[in-house]
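Colleague: The structure under discussion is supplied below as structure tokens; questions concerning it will follow.
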Amino acid sequence: MNDEEDTLYADSPHFVSEIMRGPRVVAAVDGSAGSRAALQFALEDAARRGVPVEAVIAFRPPDYWMDFNGVGAAEEERLIRTLGAQHEEKARAVLEEVTRALSGPVPEVHVRAVMGTPSDVLIRESQGADLLVLGSRGHGGFHNMLLGSTSMQCTMHATCPVTVVQSPEAHRHRLKLHRERRRERGPEARARRRGTVGERSEAGAQN
């Protein structure tokens, strides 16, 4: 077993973290620019409220794990704990980066890595929270559907208020869509105006 494999299979006691309940602001973290914006919003909002922040990162085991029928329950648990610890470390790195940029007070923060799909995890974690904050990275083809699937699910099913912070990518994408629609509407609108003028001219000639 090489050093990389040793790291992958290492015991990860730091993965175990206490489940939070009660007043708090839950922030979804995944390392994206949108989640950084969401975490910053959550930290500033929690500081105003005087409540802690629960920074949550969701993870799922790779699909190929399902092919290894020979992996015992203990080994599977250790793999999951290791993967969870790696994601928790990733979330802590994002937290450190965001807090360094804050000018105001930083509230108490708890970082948790939870196995499951992002929407399922965040909906569960929203129970008892004051607010759930997540970033939007929606890139749908419809102007009014710029929320991603996770944001949509959480907005519809979370048990607390939800704030979706638009990521820089989503903002740029929305501007791009707006410019493209204006360019598309330009020729169409001119063609419609020409057609209307032509119809009126023909009607006048007939009269």
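The values are calculated or read from the model by the stated rules, or taken from the named source; none is laboratory data. What you see is a predicted model; the values in this text were computed from it and never measured. Using ideal geometry, Cβ is built from the backbone for each residue, glycine included, and neighbour counts are taken over all protein chains shown.
Colleague: Only residues that are outside any loop (DSSP other than H, G, I, E, B), in contact with an Asp or Glu (Cβ under 8 Å, 6 or more places away or on another chain) and modelled with pLDDT under 95: list them for the range 1-55, please.
Modeller: 14, 15, 33, 34, 36
Colleague: Among what's in the range 128-180 and is of a type in the set (Asp, Glu) and modelled with pLDDT of 70 or more, pick the residue that is surrounded by the fewest Cβ atoms within 10 Å (Cβ to Cβ).
Modeller: Here the residue is 180.
Colleague: From 199, 184, which residue is among the acidic types (Asp, Glu), at pLDDT below 60 and surrounded by 10 or more Cβ atoms within 10 Å (Cβ to Cβ)?
Modeller: Sole residue among the options that is among the acidic types (Asp, Glu), at pLDDT below 60 and surrounded by 10 or more Cβ atoms within 10 Å (Cβ to Cβ): 199.
Colleague: Just checking, how many residues over the range 28-54 are within 22 Å of residue 86 (Cα to Cα), crowded, with 17+ Cβ neighbours inside 10 Å and among the small types (Gly, Ala, Ser)?
Modeller: Here the count works out to 5.
Colleague: Is the range 90-113 home to any residue that is among the charged types (D, E, K, R), part of a helix (DSSP H, G or I) and at pLDDT below 80?
Modeller: Looking through the range 90-113, none of the residues is among the charged types (D, E, K, R), part of a helix (DSSP H, G or I) and at pLDDT below 80.
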